[in-house]
Amino acid sequence: MKLALVRPETSTVPAGGVGLDTWQRWLEDAIDRDWRPTEWDAEALLFTGDPDNPRTRAYVCRTVSCSTVVHTRSFCTKCMEKFKASGLSAEVFAAQYDRRAVVTKAGQAPSRCRVERGDAHCGYPSSAKGICVEH
């Protein structure tokens, strides 16, 4: 068997790259705003995979009270930290830990992350553009 080597086409990108404005315009023109409408927020340029969509490798955190979408069948970062410190088995922690209880501090009402799926809302305080650091 012989393989033919194909030389890639010459890049049309200047040696110094492209500026941020050029890249942003190109990206905005290239994005299909109607692509996977329940998962893609074109305004925020945020993709949040739907755990119920078999085409998406996304899952919900194992903690029953947490709605954070994760890329493995495990705990989200915050729940993993609490799980490691808990001394509980993963099954007991997932069933009993109340993630919502640590989202806000008493007397504070920060705006919440705007990521939501159906009736489930992310409970983290928002950071940039109304989205928490986890998303």
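If you plug the beta carbon distance of Ala95 and Tyr59 into 1/(1 + (r/R0)^6) with R0 = 22 Å, you get a FRET efficiency near 0.85.
Summing +1 for each Lys or Arg and -1 for each Asp or Glu among the other residues whose beta-carbon sits under 12 angstrom from that of Val60 gives +2. Shape verdict for the range 54-99, please, from the Cα gyration tensor: rounded (a/c under 1.5), prolate (a/b greater than b/c) or oblate. Prolate, since a/c reaches 1.5 and a/b exceeds b/c. Estimated from the Cβ-Cβ distance and a Förster radius of 35 angstrom, the FRET efficiency linking Leu27 and Ser111 is about 0.85.
We did not get these values from a lab; they are worked out from the coordinates using the rules stated. All figures in this text were calculated on a predicted structure; none of them were measured in a lab. Neighbour counts run over all protein chains shown; Cβ positions are idealised from the backbone, glycine included.
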